[in-house]
Amino acid sequence: MRPDQLRGHLGMLLLAALASGPAHGYALSAEIRRRSDGLLAIVEGSLYPALHRLEAAGLVASSTETADGRRRRRYKLTADGKAALDEEIRSWEIFKGCVDRVLEETA
Amino acid sequence: MSRDEPIEAYMRSVRSSLHLPKKQRLRVLEEIENHLNDGAADHMRLGTTRNQAITLVIDELGPPDEVAAGFIEQGARAPDRTGPMRWLPMLAPLFLLVSALGLLVSSLTWYSGGLTTGEQIVQRTYALRALITGTLSCAAYLSIRRAHRDKAWRWAAWFCTGCAVAVALAT
């Protein structure tokens, strides 16, 4: 898939990846790649700005921990983030259904 | 952990392009460096050498100036939580405590009895102020939370907090 096809959906994908539990940035990127069998490769430079945006919106929260002498930041879904994810999923299902119907008639 | 030269060079380049407040800049740099190390370790688990792994993870992350630009754009849009707004949520519980103490003192003096009419009026005023402070504190807390997401609520947050402060000080 082209990276620009992910534009506008990165927030939803990150919230979905965080729904499995708290994780740090690289693990989130790897989780999205794993769930999509490698087809969705985030432009990783956009990963952290997206996470910071979600945090500023109160949809995720972060905390630092020290492991192996390194300070690491872990992100987790907030209650508002869970509600936003549910709404995104509903909205996506409607969008997907509409596009499918248009394409079916084209085929 | 000693840094690998390519990671060191990448971090230098990001740092030079990252014009953000110090605290935010340190956070970003820390996250990027962790990302590079995590990514390199991940690639090495798949059998690449350390140098190849670092090259791959740097390619995946993108050019340093583009990475920095993403954060700067985000920094310009992020709500301002570095100013006085960050302290407001801490004031609300304090005022709730003040109002609870006010109610406690009022109740104790009420039950102790033997109050003159004037003292009863003062005592009732204390209780009323405590209730108002509590209500304003709750309103301040809720509007501050909302203001963090929607700047239009800032004035409501400041107004409620100001009123809570005024009533609490008067109490």
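The values are calculated or read from the model by the stated rules, or taken from the named source; none is laboratory data. What you see is a predicted model; the values in this text were computed from it and never measured. Neighbour counts are summed over all protein chains in view; Cβ atoms, including those assigned to glycine, are modelled from backbone coordinates with ideal geometry. Side chains are part of the model used for accessible areas, which takes the heavy atoms of the whole protein and leaves out ligands, DNA and RNA. Shrake-Rupley method; radii C 1.70, N 1.55, O 1.52, S 1.80 Å.
A few notes on this one:
- Counting only residues that are open to solvent by 40 Å² or more (accessible area, probe 1.4 Å) and either under 14 Å from B:D65 (Cα atoms) or more than 14 Å from chain A (Cβ to nearest Cβ) (or both), the range B:10-24 holds 6 of them.
- Residue-level check: of (1) modelled with pLDDT under 70; (2) in contact with a Phe, Trp or Tyr (Cβ under 6 Å, 6 or more places away or on another chain), B:G102 misses just (1).
- Residue that is buried (at least 18 other Cβ atoms within 10 Å of the Cβ) and at pLDDT below 70, where the choices are B:L36, B:L88, B:L96: B:L88
- Matching residues, the range A:54-92, being part of a helix (DSSP H, G or I), more than 9 Å from chain B (Cβ to nearest Cβ) and open to solvent by less than 30 Å² (accessible area, probe 1.4 Å): A:L54, A:G81, A:A84, A:L85
- Residues of the range B:53-64 classified as more than 10 Å from chain A (Cβ to nearest Cβ) and surrounded by fewer than 16 Cβ atoms within 10 Å (Cβ to Cβ), total: 1
- Across the range A:55-87, the number of residues qualifying as acidic (D, E) and under 24 Å from B:F71 (Cβ atoms) comes to 3.
- Residue pairs whose Cβ atoms lie under 7 Å apart, sitting 6 or more positions apart in sequence or on different chains, and linking a residue in the range B:34-46 that is at the interface with chain A (Cβ under 10 Å from one of its Cβ atoms) and farther than 16 Å from B:A9 by Cβ to a partner that is open to solvent by less than 30 Å² (accessible area, probe 1.4 Å) and outside any helix (DSSP H, G or I), are B:N34/A:R72.
- Residue identified as modelled with pLDDT of 90 or more and facing chain B (nearest Cβ under 9 Å) among A:G25, A:G11, A:G21: A:G25
- Residue, surrounded by the fewest Cβ atoms within 10 Å (Cβ to Cβ), within the range A:39-53, restricted to residues that are more than 7 Å from chain B (Cβ to nearest Cβ) and more than 19 Å from A:A79 (Cβ to Cβ): A:L39
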